[in-house]
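Here it is, the structure, as structure tokens.
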Amino acid sequence: MKILEDIWSSMSGNARTKINDPFIGAFVASWVACNWNHLAILIWGDGKPSERINTLHTYLTDSPLLALNSILVLPALFAFLYVFIFPWLSLLFKSIQKAVNDRLHRQAINIELEKLRQQEDLNKLKLRSNPDKQFLTQMVQLDIDSKTEQLELLRIERFLSKERAEEATAKAAEAKGKANIVQLDEASKQRHAEIERERFNVNSAKVRAALASHRFPSAYRFMSLIEQSVKLDGVSLSLTATGEVVAAIFGYDNFQALIDDEKFNNISFSNVEYIYYESADLALKLEKVVLREKSENEDLTSDLLFDHVLTVFGDLPYKLLTKDDLEEICVSFFEDNRYAILEEEGVSGAIAESDTIFEEVELESVESVEFDDGINAVIDASARGSHRKDAEIPGRSMSISIEVKSTVQVGKYALGAFEFVEVNGSLDDFHEEDEDAR
């Protein structure tokens with residue numbers, strides 16, 4: 001009896017597995033739907049059972065297999081459409097529905113943002129209409145750096161005296177409506193006198209505050225940190241030298257290009273997570289800064305500046321990356337987001353076709369990683385799991401190709417967080433899965 005039970009269990013298990021197969025199950029259902037009338041006659045028709053069986057047998061044997069009839073071709077065609085075509089149609093309809101829902105969501109967000117902007121304008125008008133609110137003074141105090149106003153003005157004077165064209169533009173904006181603009185080639189004494197008069201002018205303070213609220217505070221923060229760091233070694237740097245060091249770190253040609261970049265502000269730096277650098281290139285730029293500085297201090301070298309740059313940025317909330325670190329940081333991003341890959345649209349078709357619940361996602365290799373206007377990498381991974389209807393039966397395996405990128409946020413080397421650019425999944429062939437299992 002035990003042998004009969006084992007034989008029956010083996011036969012029933014094999015039959016259940018084949019019936020649960022997507023194509024076989026669909027074919028059986030299609031065949032029953034196409035030949036329901038003959039099956040109905042077999043079960044409930046008139047006459048003896050042997051006559052009804054002979055009638056069905058005659059229908060099956062006399063009908064050609066490869067003709068367009070209900071014996072083989074039509075059920076196979078319907079099963080093929082159900083298994084291979086309908087999932088893609090379902091995916092298309094869901095994609096269209098997702099696009100419509102996304103547009104509706106963006107429309108609702110835009111309406112809410114417009115209400116907030118109008119409310120913000122109303123609040124500003126209320127502030128301006130109240131003479132007791134000294135909001136201009138508060139804006140100046142919030143935007144100017146923690147240094148005293150006198151020290152910051154002296155630094156701005158030194159910077160403006162070295163950048164004549166930029167000074168002329170700033171003075172034109174500050175003195176608009178107050179007096180005639182002096183000639184761009186006036187002597188240095190006249191320029192300093194103009195700045196001194198504007199120091200005590202409220203309108204000049206507002207213009208300086210507006211300038212400080214955008215680019216200069218971000219640059220001044222890094223300049224101040226580097227200046228304080230090198231002072232610990234008894235080395236003094238000029239304002240121009242510290243500015244050029246900061247420009248070199250972020251990939252600008254000079255400090256003037258950094259100041260002209262509207263993206264160099266605190267808002268942009270809130271999105272920065274990595275700063276990429278090439279040791280040889282950065283060391284060469286720092287050597288040029290040292291040569292232009294013409295300092296009598298023999299301790300001032302490019303190696304010293306390089307060490308202090310690494311120290312300063314090592315304490316900031318940005319991770320410094322070299323070319324050798326790119327693959328490691330891409331692998332780390334994959335490990336932290338491996339299961340989010342299964343939610344990407346590029347693998348949804350393969351998941352639907354596989355009838356598998358994927359439970360494991362493994363890194364296979366990093367095909368390529370390079371720095372080109374950001375970090376671009378291609379990663380190969382694989383996913384495995386169990387059958388959707390029977391956890392004891394292994395499911396299909398899937399190969400996944402992933403493209404990730406970290407885009408530039410500021411300058412050439414300040415990068416944002418990694419994100420998936422493209423994810424594509426394809427099911428492995430059955431014979432490859434069998435070889436892997438062996």
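The values are calculated or read from the model by the stated rules, or taken from the named source; none is laboratory data. Computed from a prediction, not measured in an experiment: that's the story for all the values here. We place every Cβ from the backbone using ideal geometry, glycine too, and count neighbours over all the protein chains shown. For accessibility, only protein heavy atoms count, side chains too; no ligands or nucleic acids. Shrake-Rupley method; radii C 1.70, N 1.55, O 1.52, S 1.80 Å.
Residues being among the β-branched types (Val, Ile, Thr) and either open to solvent by 60 Å² or more (accessible area, probe 1.4 Å) or more than 22 Å from GLU419 (Cβ to Cβ) (or both): count how many of those fall in the range 358-404.
Residues meeting the conditions: 1.
Within the range 221-229, can one find any residue that is at pLDDT 60 or above, under 29 Å from the mean Cα position of the chain (by Cα) and open to solvent by 20 Å² or more (accessible area, probe 1.4 Å)?
Among the residues of the range 221-229, at least one is at pLDDT 60 or above, under 29 Å from the mean Cα position of the chain (by Cα) and open to solvent by 20 Å² or more (accessible area, probe 1.4 Å), which makes the answer yes.
Go through (1) surrounded by 16 or more Cβ atoms within 10 Å (Cβ to Cβ); (2) of a type in the set (Gly, Ala, Ser); (3) over 23 Å from LYS412 (Cα atoms) one by one and return the number of the condition ALA352 breaks.
With respect to (1) surrounded by 16 or more Cβ atoms within 10 Å (Cβ to Cβ); (2) of a type in the set (Gly, Ala, Ser); (3) over 23 Å from LYS412 (Cα atoms), ALA352 is out only on (1).
Going by what's in this entry, would SER90 be described as among the hydroxyl-bearing types (Ser, Thr, Tyr) and under 55 Å from the mean Cα position of the chain (by Cα)?
Yes: the conditions hold for SER90.
Can you name every residue in the range 391-438 that is more than 18 Å from the chain's Cα centre (by Cα), of a type in the set (A, V, I, L, M, F, W, C) and modelled with pLDDT under 85?
Within the range 391-438, ALA391, ILE393, PHE430, ALA437 meet the criteria.
Where the second residue is part of a helix (DSSP H, G or I) and the first is open to solvent by 90 Å² or more (accessible area, probe 1.4 Å) and lies in the range 100-128, which pairs have Cβ atoms under 8 Å and are six or more apart or on separate chains?
ARG128/PHE135
Right, another one. Scan the range 253-277 and report the pairs whose first residue is under 25 Å from ASP325 (Cα atoms) and whose second residue is open to solvent by 80 Å² or more (accessible area, probe 1.4 Å), with Cβ atoms within less than 6 Å and a gap of 6+ or a chain change.
What qualifies is TYR274/LYS319.
Name the pairs: first residue in the range 231-242 and within 22 Å of ASN254 (Cα to Cα), second residue modelled with pLDDT of 80 or more and small (Gly, Ala, Ser), Cβ to Cβ under 9 Å, at least 6 apart or on different chains?
Going by the 9 Å Cβ cut-off, the qualifying pairs are THR242/SER224.
May I pose another question? Which ones in the range 341-368 are out of contact with any Gly (no Cβ under 8 Å at 6 or more places or on another chain) and without any contact (Cβ under 8 Å) to a residue 60 or more places away in the chain?
Hits for the range 341-368 are LEU342, GLU343, VAL361, GLU362, LEU363, GLU364, SER365, VAL366, GLU367, SER368.
Taking the range 241-274, which residues are surrounded by 21 or more Cβ atoms within 10 Å (Cβ to Cβ) and of a type in the set (A, V, I, L, M)?
Selection gives ALA241, VAL245, VAL246, ALA247, ALA248, ILE249, LEU258, VAL272.
Further question: Looking for something more than 23 Å from ARG221 (Cβ to Cβ), free of Cβ contacts under 8 Å to residues at least 40 places away in the same chain and in a loop (DSSP other than H, G, I, E, B) - is there at least one such residue anywhere in the range 312-325?
Among the residues of the range 312-325, not one is more than 23 Å from ARG221 (Cβ to Cβ), free of Cβ contacts under 8 Å to residues at least 40 places away in the same chain and in a loop (DSSP other than H, G, I, E, B), which makes the answer no.
Check the range 65-75 and report whether any residue there is under 60 Å from the mean Cα position of the chain (by Cα), under 27 Å from PHE23 (Cβ atoms) and touching a residue at least 40 places away in the same chain (Cβ under 8 Å).
Yes, there is a match, as at least one residue in the range 65-75 is under 60 Å from the mean Cα position of the chain (by Cα), under 27 Å from PHE23 (Cβ atoms) and touching a residue at least 40 places away in the same chain (Cβ under 8 Å).
Answer with yes or no whether LEU321 is surrounded by 13 or more Cβ atoms within 10 Å (Cβ to Cβ) and within 30 Å of SER90 (Cα to Cα).
Spelling it out, it is not the case that LEU321 is surrounded by 13 or more Cβ atoms within 10 Å (Cβ to Cβ) and within 30 Å of SER90 (Cα to Cα).
Consider VAL378 carefully, then state whether it is modelled with pLDDT of 90 or more, touching a strand residue (DSSP E or B) at 6+ places or on another chain (Cβ under 8 Å) and closer than 30 Å to LYS263 by Cβ.
Considered against the rule, which asks whether it is modelled with pLDDT of 90 or more, touching a strand residue (DSSP E or B) at 6+ places or on another chain (Cβ under 8 Å) and closer than 30 Å to LYS263 by Cβ, VAL378 comes out as yes.
Oh, and also: Answer yes or no: is there a residue in the range 255-265 that is more than 20 Å from the chain's Cα centre (by Cα), within 17 Å of HIS308 (Cβ to Cβ) and of a type outside the set (S, T, N, Q).
Looking for residues that are more than 20 Å from the chain's Cα centre (by Cα), within 17 Å of HIS308 (Cβ to Cβ) and of a type outside the set (S, T, N, Q), one finds none in the range 255-265, hence no.
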